[in-house]
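Taking it in order: structure first as structure tokens, then the write-up.
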Amino acid sequence: MRKIDFRSDTVTKPSPGMLEAIATAELGDDVYGEDPSVNELEIKAARITGKEASLFVASGTMANLIAILAHADRGGEIIVGNKSHIFVSEAGGASALGGVSYHVVPNNSKGLFDIVDLEAAFRDDTNYHHPITSLLAFENTHNNCGGIAISPEDLNPIIDWAQEYNLPTHVDGARIFNASTRLDIPVQKLVERIDSVSFCLSKGLACPVGSMICGDEKFINKARRIRKMLGGGMRQAGILASAGIFALDNMLDRLLEDHINAAKLAQGLSDLEYIDINHKLVETNLVFFNVSNEHKEKLHLFLESHGIKGGSATGNRWRFTTHYGISSEDIDYTIEVMKEYSNVECAQSA
Ligand SMILES: Cc1ncc(COP(=O)(O)O)c(C=O)c1O
């Protein structure tokens, strides 16, 4: 039986070429700055994002945490979206570990913010009752907002606003290469007006571990110290960084395939009466749809019995993610299985 795992692009396994790169990586002690593979990856990541420097870290969550702590002091506050990964899914790290509070504003349908909400969120720092507004954070692509790609045109008014207040900006670009692919705009251009960017190697780029933080030299030096403080100084980390180098050289062009597969899946799902989806909203590799209470548990079991992982027996809003390891034939198979479910279950209840 086919096995298809739609749960996340984090489930990807290294390609043979990537395994070869890992096996032959040149290594050294990165805490001494002597791992040639880590150094090469950091130069490459800085170049690709158009920033002065970059830092290799263990995960996307660690990248965002370090970036926040490098931008904001204890007693500071960051403005984040109510649907952002930083706010929803990173265990409150900035406040728990850094003494930085979250000022949450609604994410609009574009995954961005309305200026009126930002105006209301910004604190007057002459008033000593207030925490100090220290950072504005975005996400691109925006996971919870449907995996949408945010264009510079949409972002510009928000950056203009932040710059007017001298407020630093950070983008959680866990899937920034998906945004770049979708918009056909180089990552450099997407982040040129943003102070720092993090991106994940271990999602669509199919590395086993790792994320990058990119920004100016001063910021990255500070980030390096914080990484050490968090216990994230790794030694012969080139064994992981070599996968990252391979990914930046070889795995970017294929992201389009994931988007084509996602669009095909979304189109197929839109024909099923028990699925609620607006397939036109699917822009990248994340396909969100709703499954009614009546069907979610049965469908979940049915898919599992056909080798398909994804969705949940308890929630109505499901996300299927396309990635390296899922082919166009896998999408055909999934749509067939979901039609079969329809024939069995929906015919029975009709
Ligand atoms: C938008 C976004 N940011 C950050 C992360 C965190 O990445 P990690 O799982 O490597 O900590 C994720 C993970 O799914 C994500 O989707």
## Note on the structure
With the 1.4 Å probe rolled over protein heavy atoms, the chain has an accessible area per residue in Å² of 44
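With a cut-off of 8 Å between alpha carbons and a minimum separation of six or more residues, what is the relative contact order of segment 168-272 in percent? Could the numbers behind the result be given before it?
On the way: 99 pairs, mean separation 27.5, N = 105.
Result for segment 168-272 is 26 percent.
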### Task
Determine which lysines satisfy two conditions relative to Lys83: a Cα distance under 20 Å, and not lying fewer than 8 residues away in the same chain.
Lys110, Lys203
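Compute the signed sum of charges (Lys and Arg +1, Asp and Glu -1) over the other residues within less than 11 Å, Cβ to Cβ, of Asn156.
-3
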### Summary
Ala25 neighbourhood, Cβ < 11 Å, K/R = +1, D/E = -1, net charge -4
### Query
For segment 215-350, how many pairs of lysine residues have a Cα-Cα distance under 28 Å, where the two are 8 or more positions apart or belong to different chains?
15
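Could you tell me the relative contact order of the chain? Use alpha-carbon pairs under 8 Å, at least six residues apart, and round to a whole percent. It would help to have the intermediate numbers written out before the result.
Numbers: 700 pairs, mean separation 87.3, N = 350.
Relative contact order here is 25 percent.
Enter the per residue convex hull volume of segment 260-335, computed from alpha-carbon coordinates, in Å³ rounded to the nearest integer. Kindly include the intermediate steps, with their values, before the conclusion.
Numbers: hull volume 6.0 nm³, N = 76.
Here the figure is 79 Å³ per residue.
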### Task
Rounded to the nearest 10 degrees, what's the angle between the helix 217-229 long axis and the longest principal axis of the chain, both from Cα atoms, 0 to 90?
70
### Query
If you add up the charges near Asp124, with Lys and Arg at +1 and Asp and Glu at -1, over every other residue whose beta carbon is less than 15 angstrom from its beta carbon, what do you get?
-3
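Relative contact order for segment 219-350: what is it in percent, counting Cα pairs under 8 Å that are at least 6 residues apart? Numbers along the way, then the final one.
On the way: 123 pairs, mean separation 29.0, N = 132.
Computed value for segment 219-350: 22 percent relative contact order.
Is the shape of the chain best called rounded, prolate or oblate, per the rule: a/c under 1.5 gives rounded, else a/b larger than b/c gives prolate, else oblate, with a ≥ b ≥ c the square roots of the Cα gyration tensor eigenvalues?
On the way: a/c = 2.09, a/b = 1.33, b/c = 1.57.
Oblate is the answer for the chain, as a/c is 1.5 or above yet b/c matches or exceeds a/b.
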#### Entry: Degrees between helix 60-71 axis and first principal axis of the chain (Cα, 0 to 90, nearest 10)
30
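The values are calculated or read from the model by the stated rules, or taken from the named source; none is laboratory data. Values in this document were obtained by computation on a predicted structure and should not be read as measured data. Virtual Cβ from ideal backbone geometry, glycine too; neighbours counted across all protein chains shown. Accessible surface is based on the protein model in full, side chains and every heavy atom, while ligands, DNA and RNA are left aside. Shrake-Rupley method; radii C 1.70, N 1.55, O 1.52, S 1.80 Å.
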